[in-house]
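The values are calculated or read from the model by the stated rules, or taken from the named source; none is laboratory data. Since we're looking at a predicted model, the values are computed, not measured. Positions of Cβ are generated from backbone atoms using ideal geometry, with glycine treated the same way; all protein chains shown enter the neighbour counts.
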Amino acid sequence: MNLANKLTIFRIILVPIMVIIPFCNIQVQFAGIPLTYILIDIIFIIASITDKLDGYIARSKNQITVFGKFLDPLADKILVLTAMIMLVEMSKLPAWIPVIVLTREFIVSGYRLVAVEKGGKVIPASNWGKLKTVTQMIAIILAFLDMNEFGKCFSGLLNGSDFVLNLVVTIMMIIQTIATIISGIDYVKNGKDLFKE
């Protein structure tokens, strides 16, 4: 197994560790942020870095494998959706956001299965898909550090750094949701030929 695939597997292993941390009942806080959230964030950041790193290594060292093509996007989906579900449980994110992300991923995965069946046609990622990925990662990283629920900045109850952080998280989540929807539509549009018999 090459290094790129090992990094992908490492990213998947980090996910259950991220999920287990809240059960450790750590009571320590730093600048009003529970250590639990900080640890989850650090793990998410490390996992996000491996996402970029394994792709770079696979391309630069010509280590692209069928196993990697299958596992890498799956690892990304597991990581992002797990983090979003955790944020919902922490009351930091409304459930409709991960529902939209999950729906898009099911549709795209379905299209990829049909593409394989039709001879392995690759539907390239659009700029909307790239924007979705970047804004998702930033929004999730900041959301774990935000002690307020999604959109509270518009209530008039926040000020100072709390207001700024919540505003940035809210805007980034909205952008990633819009990019998720548009990239999904774009993917369906570019792959419509797959369903022509």
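Check off (1) without any contact (Cβ under 8 Å) to a residue 40 or more places away in the chain; (2) surrounded by 16 or more Cβ atoms within 10 Å (Cβ to Cβ) for Tyr56 and give me the number that stays unchecked. Unmet condition: (2). Does Pro73 fit the bill of being at pLDDT below 95 and within 12 Å of the chain's Cα centre (by Cα)? When the stated conditions are applied, Pro73 passes them. Scan the range 1-38 for residues that are closer than 23 Å to Leu145 by Cβ and either assigned to a strand (DSSP E or B) or over 17 Å from the mean Cα position of the chain (by Cα) (or both) and the total you get is 18.
Per-residue answers, yes or no, for (1) assigned to a loop (DSSP other than H, G, I, E, B); (2) within 13 Å of Leu93 (Cα to Cα); (3) out of contact with any Gly (no Cβ under 9 Å at 6 or more places or on another chain):
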| site | (1), (2), (3) |
| --- | --- |
| Thr135 | no, no, yes |
| Ile138 | no, no, yes |
| Leu142 | no, yes, yes |
| Glu149 | yes, yes, yes |
| Leu165 | no, no, yes |
| Thr177 | no, yes, yes |
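Residues in the range 61-75 that are aliphatic (A, V, I, L, M) and within 14 Å of Asn2 (Cβ to Cβ) were compared, and the one that is surrounded by the fewest Cβ atoms within 10 Å (Cβ to Cβ) is Val66. For the condition touching a strand residue (DSSP E or B) at 6+ places or on another chain (Cβ under 7 Å), assigned by TED's automatic domain parsing to the domain that holds Ile182 and among the hydrophobic types (A, V, I, L, M, F, W, C), Leu145 qualifies. Taking Asn159, is it modelled with pLDDT of 95 or more, over 23 Å from Lys77 (Cβ atoms) and over 16 Å from the mean Cα position of the chain (by Cα)? No: the conditions fail for Asn159. For Ile78, the stated conditions do not hold, so it cannot be described as among the hydrophobic types (A, V, I, L, M, F, W, C), in contact with a strand residue (DSSP E or B) (Cβ under 8 Å, 6 or more places away or on another chain), closer than 20 Å to Met137 by Cα and surrounded by 15 or more Cβ atoms within 10 Å (Cβ to Cβ).
Among the conditions (1) touching a residue at least 40 places away in the same chain (Cβ under 8 Å); (2) touching a Pro at 6+ places or on another chain (Cβ under 9 Å); (3) β-branched (Val, Ile, Thr), the only one that Thr50 does not satisfy is (2).
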